[in-house]
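No lab work stands behind these numbers, since they all come straight from the coordinates. Only a predicted model underlies this, so the values are computations on that prediction, with no experimental measurement involved.
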Amino acid sequence: MKKLIKFIISLGIILFLVWASYKFFFACEEQYADFGHKFILKGYDYAKVGDELTVKLINIKDDRCLDESCEREGQFIVKLLIKDDHHIVIEKLGSVGESKKDLTKHKLNYSIELTHTDGKEVSLEVNKLK
């Protein structure tokens, strides 16, 4: 009986890992964008920017305070995976604070800006730095 329970638990873990890998790597749409132009990402979608950079949306976290008694405004926090030929970076951008970041500290000569989000999709703009 213990072997059967261990088998069922192991099978459940393996199925979860396969499902998570599928959602992250294969159940997404690819877009093409240019530097200096806005593009929209939903779910786990990714965009290839100028054939140099890939930007993948990992998740959108709702950190807003929706109660009337709340004193702070809150924001959407967007988590992105950004990669070029030599570097991979995970960055967080906020809809209120720190909506634009230079990626030079990660040895990437780009800046990324979160222009709009509604909690389901994000609008981003990537620019090259000189």
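Mean 1/r over all different Cα pairs, inverted: what Kirkwood radius does region 13-52 give, in Å? Could the numbers behind the result be given before it?
Details: mean 1/r = 0.0866 Å⁻¹.
Evaluated on region 13-52, it is 11.5 Å.
Average projected area of the Cα convex hull of region 58-130, in nm²? Show your work: numbers first, answer last.
Details: hull surface 21.7 nm².
Its average projected convex-hull area is 5.4 nm².
Check Asp45: other-chain or 5+ apart residues with amide H under 5 Å from its amide H, H built from backbone geometry?
Those qualifying (amide H under 5 Å, at least 5 residues apart or on another chain) are Glu29, Leu57.
Once every DSSP H run of n ≥ 4 in the chain is given -39500 (n - 2.57) and the sum is divided by its residues, what mean residue ellipticity at 222 nm do you get, rounded to the nearest 500 deg cm²/dmol?
Numbers: 1 runs with 24 residues, N = 130.
Dividing the helical sum by the residues of the chain leaves -6500 deg cm²/dmol.
For region 54-63, just list the computed ³J(HN,Hα) in residue order, Karplus coefficients 6.51, -1.76 and 1.60, θ = phi - 60°, integers in Hz, with x standing in for Gly and Pro.
With coefficients 6.51, -1.76 and 1.60, one gets 10, 10, 10, 7, 8, 7, 10, 9, 8, 10 Hz.
What is the Cα convex hull volume of the chain when expressed per residue in Å³? Show your work: numbers first, answer last.
Values: hull volume 21.0 nm³, N = 130.
In the chain, the Cα hull volume divided by residue count equals 161 Å³.
What is the gain in length, in nm to one decimal, between Thr115 and Glu29 on full extension, counting 0.36 nm per residue of separation less the C-alpha to C-alpha distance?
Numbers: separation 86, 0.36 × 86 = 30.96 nm, distance 2.04 nm.
Fully extending the segment from Thr115 to Glu29 adds 28.9 nm.
Can you give the angle from 0 to 90° between the axis of helix 2-25 and the longest principal axis of the chain, with both taken from C-alpha atoms, to the nearest 10?
Long axis of 2-25 versus the principal axis of the chain: about 20 degrees.
Return a whole-number percent for the relative contact order of region 78-130, with Cα pairs under 8 Å and 6 or more residues apart as the contact set.
Numbers: 83 pairs, mean separation 12.5, N = 53.
The normalised contact order for region 78-130 reaches 24 percent.
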